Amino acid sequence: MDLPFLPEEAQVTFDFSSIKRKWLNVPYANKSPAQKLDIFLPNGNGDHYPVIIIIHGGGFRFGDKQGIELKMALEPGVKRGYAIVSINYRLSTEATFPAAPQDVNAAIRFIRKNASLYHLNPDKIGLWGSSSGGNLAALAGTTGYTPVFVDSSLGAPRVPWNVQAVVDFFGPINFLTMDPQFVINGIAGQVHDSPDSFESLYLGAQITKVPGKVKQSNPETYLNRKAPPFLIEHGTKDKNIPYQQSVVFSQQLMYNIPDTFINLRLIDGAGHGGPLFETPDNIDLVFNFFDLYLT
């Protein structure tokens, strides 16, 4: 997951055949073939499981619901009694912003509406996204009571879309500040202010030419006191997304939502994902966070 980010790096092969209770490629909307999700339950006959929705990264342009994010979360998640739901969404190769956050919103509504069918707890839903998926998770968290990304044509428009906890791994927050932050860090990082950057392709134009869309895609724009608890992690040597994106976002969260839990963890020497995020201790830390708010 370090630079360069290529499509094939978003694909991960792993075996989940040991998980007996699962539904694969479930459509949560019908506007695009991308609007599908996978549901994995703990083995046994349990019911009413708390839900963790996994949102993959890939620069809003690549990636898949059965990628590295699912591999990190799946086995420890079901062992700890969670339903793991991994979603695909429309990528920028198919549709530009706001298609992706509209899809995430629709997936949350679908899960809540169909909770009894899939043995899920509709009142205990968390999000876990990395990189661009971190942006989408954060955006869904801060807009949980704002109908800005509700597309009624995707189904269940009256079903609530708020969530109870968000984990954001190194997500971009304010697209316009990333290049200057790399300069401050002395890192020759990925260039974001160019017509062919991931963010520009996602928004449909070079980011400096559409500041209004940049603001709309920024989770900080929608901060309110109803936002859920956040756990945010970022590597200090990230060459894709400068770590200050998470620092500033966590500060804004704490300033605007003083009554909820915000935890920022900077991982010294870590890049854009990789082994330091995937250690058993760090995965336990993530699930300990979810345990506080989903169980």
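Yes/no per residue for (1) open to solvent by 10 Å² or more (accessible area, probe 1.4 Å); (2) modelled with pLDDT of 95 or more; (3) out of contact with any helix residue (DSSP H, G or I) (no Cβ under 7 Å at 6 or more places or on another chain); (4) not basic (K, R):
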{"position": "P147", "(1), (2), (3), (4)": "yes, no, yes, yes"}
{"position": "V150", "(1), (2), (3), (4)": "yes, yes, no, yes"}
{"position": "D168", "(1), (2), (3), (4)": "no, yes, no, yes"}
{"position": "F175", "(1), (2), (3), (4)": "no, yes, no, yes"}
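Taking the conditions exactly as written (out of contact with any helix residue (DSSP H, G or I) (no Cβ under 9 Å at 6 or more places or on another chain) and open to solvent by 30 Å² or more (accessible area, probe 1.4 Å)), does D179 satisfy them or not?
Judged against the criteria, D179 is a match.
Find the residue count for segment 209-219, including only residues that are under 26 Å from N288 (Cβ atoms) and either open to solvent by 10 Å² or more (accessible area, probe 1.4 Å) or without any contact (Cβ under 8 Å) to a residue 12 or more places away in the chain (or both).
0
When segment 28-46 is examined, which residues are found to be modelled with pLDDT under 95 and at negative phi?
Answer for segment 28-46, where residues must be modelled with pLDDT under 95 and at negative phi: N43, N45, G46.
Is at least one residue of segment 254-270 open to solvent by 10 Å² or more (accessible area, probe 1.4 Å), under 18 Å from F175 (Cα atoms) and either in contact (Cβ under 8 Å) with a residue 12 or more places away in the chain or polar (S, T, N, Q) (or both)?
Taking every residue of segment 254-270 in turn, none turns out to be open to solvent by 10 Å² or more (accessible area, probe 1.4 Å), under 18 Å from F175 (Cα atoms) and either in contact (Cβ under 8 Å) with a residue 12 or more places away in the chain or polar (S, T, N, Q) (or both).
Search segment 21-41 for residues that are in contact (Cβ under 8 Å) with a residue 40 or more places away in the chain and under 18 Å from R112 (Cβ atoms) and pair each with any residue that is small (G, A, S) and part of a loop (DSSP other than H, G, I, E, B) when their beta-carbon atoms are under 7 Å apart and the residues are at least 6 apart or on different chains.
A29/G155; Q35/A29
Inside segment 182-208, can you point out the residues that are hydroxyl-bearing (S, T, Y) and surrounded by fewer than 18 Cβ atoms within 10 Å (Cβ to Cβ)?
Passing the criteria: S194, T208.
Among the residues in segment 99-122, are any more than 29 Å from L203 (Cα to Cα) and open to solvent by less than 10 Å² (accessible area, probe 1.4 Å)?
So far as segment 99-122 goes, yes, one or more of its residues are more than 29 Å from L203 (Cα to Cα) and open to solvent by less than 10 Å² (accessible area, probe 1.4 Å).
Suppose we filter L201, L154 for residues that are under 20 Å from the mean Cα position of the chain (by Cα), under 22 Å from E69 (Cβ atoms) and not aromatic (F, W, Y); which single one remains?
L201
Can you find a residue that is within 30 Å of K215 (Cα to Cα), crowded, with 21+ Cβ neighbours inside 10 Å and among the hydroxyl-bearing types (S, T, Y) anywhere in segment 82-90?
So far as segment 82-90 goes, yes, one or more of its residues are within 30 Å of K215 (Cα to Cα), crowded, with 21+ Cβ neighbours inside 10 Å and among the hydroxyl-bearing types (S, T, Y).
Go through segment 241-253 and give me each residue that's touching a Ser or Thr at 6+ places or on another chain (Cβ under 9 Å), under 20 Å from G144 (Cα atoms) and open to solvent by 10 Å² or more (accessible area, probe 1.4 Å).
Answer for segment 241-253, where residues must be touching a Ser or Thr at 6+ places or on another chain (Cβ under 9 Å), under 20 Å from G144 (Cα atoms) and open to solvent by 10 Å² or more (accessible area, probe 1.4 Å): there is none.
With the requirement that a residue be closer than 19 Å to K209 by Cα and among the charged types (D, E, K, R), what does segment 163-197 give you?
Within segment 163-197, D179, D193, D196 qualify.
State which residue pairs qualify: first residue in contact (Cβ under 8 Å) with a residue 40 or more places away in the chain and inside segment 277-290, second residue surrounded by 13 or more Cβ atoms within 10 Å (Cβ to Cβ) and charged (D, E, K, R) in any location, beta carbons under 7 Å apart, and separation of 6 or more residues or different chains.
These pairs meet every condition: F277/E233; F287/R80.
How do the pairs read when you match residues in segment 226-240 that are farther than 30 Å from T146 by Cβ with residues anywhere that are at pLDDT 95 or above and charged (D, E, K, R), using Cβ under 9 Å and keeping only pairs 6 or more apart or on different chains?
G235/D268; T236/D268; K237/D268
The values are calculated or read from the model by the stated rules, or taken from the named source; none is laboratory data. The structure presented is a predicted model; accordingly, all values stated were derived computationally and were not measured. All Cβ positions, glycine included, derive from the backbone under ideal geometry; neighbour counts span all protein chains shown. The protein model used for the area step is the full one, side chains on, heavy atoms only, and it has no ligands, DNA or RNA in it. Shrake-Rupley method; radii C 1.70, N 1.55, O 1.52, S 1.80 Å.
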